[in-house]
Amino acid sequence: MMFSLHGVGVARGCAIGKVALLQRNQPEISEYTLPEAIVEDEVQRFLDGVARARQQLQEIRARLPATIPADTAAFIDIHLLMLEDSMLTQAPVKLIRTRRCNAEWALKLQRDLVVQVFEAMDDPYLRVRRDDIDHVVRRIQRILLADEAACTDLVATRLEDRIVIADDLTPADTILMQQQGMSAFVTEHGGPLSHTAILARSLGIPAVVGVRNARRYVRDDEWLIVDGQQGVVLVGPDAAMLAFYRWKQQQEQGQLRELGKLKEQPALTRDAVSIGLYANIELPEDAVLVRQVGAAGIGLYRTEFLFMNRTDLPDEEEHLASYLHVIKILEDQPITIRTVDLGADKRLDGEQGATVVANPALGLRAIRLCLKNQELFRPQLRAILRASAFGAIRMMIPMLSTLQELFQVLRLVEDTKRELQARGQRFDARLPVGAMIEVPGAAICAPYFARHVDFLSIGTNDLIQYTLAIDRIDDAVNYLYDPLHPAVLRLIHVTIRAGRKARIPVSLCGEMAGDPRYTRLLLGMGLTEFSMHPNNLLEVKRMIRNSDLSKLTPIAKRLLQTTDAGKLAELLSAITENT
Ligand code: PEP
Ligand code: MG
């Protein structure tokens with residue numbers, strides 16, 4: 001009998017195949033108190049486990065075939081880097097010594113601590129980095145528990161056209177299994193922003209994650225359909241369903257081929273207006289995807305990751321290394337580095353004397369925090385300037401609400417240039433500095449900001465939150481989160497016009513930029529630069545290439561002049577259907 005299971009579709013496409021069940025459970029960890037005499041042996045056992053985990057990952061990395069997209073290794077490198085980090089290597093040693101506990105338990109305690117920090121994060125992308133911690137921790141724990149087979153047996157298994165069902169998969173598992181012929185996977189855990197999910201998208205493997213207890217409902221060798229778009233898994237499909245999905249597969253493959261061809265095509269409207277399509281990244285290794293989709297550069301490089309999960313501040317050299325890493329991948333394409341956007345709620349670990357505030361989103365975050373706390377800001381400024389000697393770097397300031405803040409930043413940039421000159425270090429004296437427009441007050445005053453900066457970038461995620469007074473992470477009010485609210489559209493339009501008048505570029509880097517439903521409206525409003533998650537870029541490009549700007553502009557103009565809901569809806573559908 002056919003039935004369906006539901007989860008989150010993370011990588012598009014559908015697959016039809018037989019199940020390969022991976023019966024591998026989370027390691028069971030108990031606490032033991034050790035006699036003093038063997039504590040040092042236990043420390044050694046732990047360190048040997050870490051070394052073995054490193055060796056396993058290095059072996060997997062060395063075996064990657066040339067057919068796998070270049071830089072896929074970056075996902076394994078992240079785990080290798082974690083194995084060098086003191087939070088996973090030294091902290092458990094300390095715990096073994098102070099608590100006299102077994103290595104597995106010490107690692108579990110440390111894992112819980114680190115995961116807590118990640119879970120408290122505001123940014124959903126950074127929040128799911130906890131999955132990477134879990135993947136690395138589990139690898140070490142399985143080694144400690146002498147359950148090594150669970151880590152390595154996958155290499156030996158043939159998975160030709162099989163759909164793998166597992167508790168969770170690491171990026172390394174995913175790469176290995178793809179090499180063994182896996183056609184799709186379903187996991188009980190994991191989310192859409194995990195590295196495994198990102199990897200599945202980049203490798204084009206249909207995948208559904210978060211299907212609770214999936215392994216309880218399917219048997220080895222049973223037929224299955226995985227719909228990675230809808231997040232549905234069909235168990236024991238009947239003939240009609242199989243025929244339907246075979247047809248769907250053909251359609252999708254055709255569409256993918258078409259979308260893939262767009263990579264090399266220019267982002268031109270039908271009436272030959274050139275549009276700049278840029279990518280947003282959260283981690284240096286995301287730069288790989290930027291190249292894969294053929295973006296014109298990076299329109300938003302979020303730098304918060306440098307500050308996460310540590311008790312000290314990143315120094316200038318750490319900043320610089322992460323910027324140089326991206327420059328190396330992007331070569332001479334523009335890279336827009338956003339200065340750090342930490343907030344009152346995203347406090348640094350160990351920060352002293354911080355008070356709990358009722359409205360953190362309205363508090364001391366982003367540039368406000370940087371100006372107040374300059375030991376946090378100055379190393380970043382120095383590193384951005386130094387990086388500008390090696391690539392086409394631009395610097396972007398988040399959450400500006402007053403011109404005075406901007407002037408303060410510009411003075412600091414000039415001070416920093418003098419400092420670097422005195423040190424004999426190179427930088428681009430004309431480093432472009434841009435303002436993010438994310439506060440309604442700044443949008444209304446965009447013409448004034450535009451006179452003093454080299455570019456503007458509209459952060460609609462925050463602009464919508466502040467314009468409509470809705471917390472962007474509060475599910476209870478997300479029904480009010482509306483990019484099409486007339487107030488939001490007007491603020492976007494004011495900003496685009498201000499940039500045009502001052503003859504400086506304006507881009508939009510909030511989620512709205514990557515949603516093809518809004519592409520034509522934004523084009524019609526005069527937007528010529530979009531920055532988005534790399535995965536959305538080709539679809540937005542397709543929309544641009546199917547649009548005629550001369551037809552969109554008058555509809556957008558009328559749309560901006562109405563607040564009548566019925567008329568708005570009518571104009572919106574006119575603009576979406578315009579071809
Ligand atoms: C935004 O606010 O639209 C934006 C791009 O910044 P973030 O989502 O990082 O706040
Ligand atoms: Mg923002």
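The values are calculated or read from the model by the stated rules, or taken from the named source; none is laboratory data. Treat the numbers as computed from the prediction; the structure is a model and nothing was measured. Neighbour counts are summed over all protein chains in view; Cβ atoms, including those assigned to glycine, are modelled from backbone coordinates with ideal geometry. Accessible surface is based on the protein model in full, side chains and every heavy atom, while ligands, DNA and RNA are left aside. Shrake-Rupley method; radii C 1.70, N 1.55, O 1.52, S 1.80 Å.
The alpha carbon gyration tensor of segment 165-291 gives principal lengths a ≥ b ≥ c with a/c of 1.5 or higher and a/b no greater than b/c, which makes the shape oblate.
Taken along its principal axes, the alpha carbon cloud of segment 315-447 reaches lengths of 43, 40, 30 Å, longest axis first. Normalised Debye scattering of segment 3-239 at q = 0.11, 0.15, 0.17 Å⁻¹ gives log10 I(q)/I(0) of -0.58, -1.01, -1.23, counting only Cα atoms as equal scatterers and leaving out solvent.
Here the gap between residue 332 and residue 408, fully extended at 0.36 nm per residue and compared with their Cα-Cα distance, gives a gain of 24.4 nm. Summing Cβ point charges (Lys, Arg +1; Asp, Glu -1) relative to the Cα centre of segment 464-540 gives a dipole of roughly 620 debye. Here's the picture: charge each Lys and Arg Cβ at +1 and each Asp and Glu Cβ at -1 in the chain, and of 536, 377, 406 the one pushed furthest to the positive end of that dipole is 406.
Candidates 241, 191, 516 compared by Cα position along the dipole of the chain: farthest toward the positive end lies 516, with charges placed on Cβ. Based on DSSP H segments of at least four residues, each scored -39500 (n - 2.57), the chain has a per-residue ellipticity at 222 nm of -14500 deg cm²/dmol. All C-alpha pair distances within the chain, sorted into 10 Å bins from zero, spread as 3, 16, 24, 26, 19, 9, 2, 0, 0 percent across the bins. With K and R counted +1 and D and E -1, the other residues having a Cβ less than 12 Å from that of residue 182 yield a net charge of 0. For the set 371, 342, the ranking by accessible area, highest first and with no ligand, DNA or RNA atoms included, is 371, 342 under a 1.4 Å probe. Modelled this way, with points 7 Å down the Cα-to-C-beta line, the labels at residue 58 and residue 390 are 2.5 nm from one another. A Cβ-based charge dipole, computed about the Cα centre of segment 209-340 with Lys and Arg at +1 and Asp and Glu at -1, lands at about 660 debye. Between residue 476 and residue 452, the simple spin-label model (points 7 angstrom out along Cα→Cβ) gives 3.8 nm. Here is the size of segment 270-577 from its Cα atoms: Rg then Dmax, 19.3, 63 Å.
Provide the percentage of antiparallel DSSP beta bridges, counting only those with both residues in the chain; round to the nearest 5.
Percentage antiparallel, nearest 5: 35.
Cross-link partners for residue 261 among the lysines, with Cα-Cα distance under 28 Å and sequence neighbours closer than 8 places in the same chain left out: 248, 328, 541, 551.
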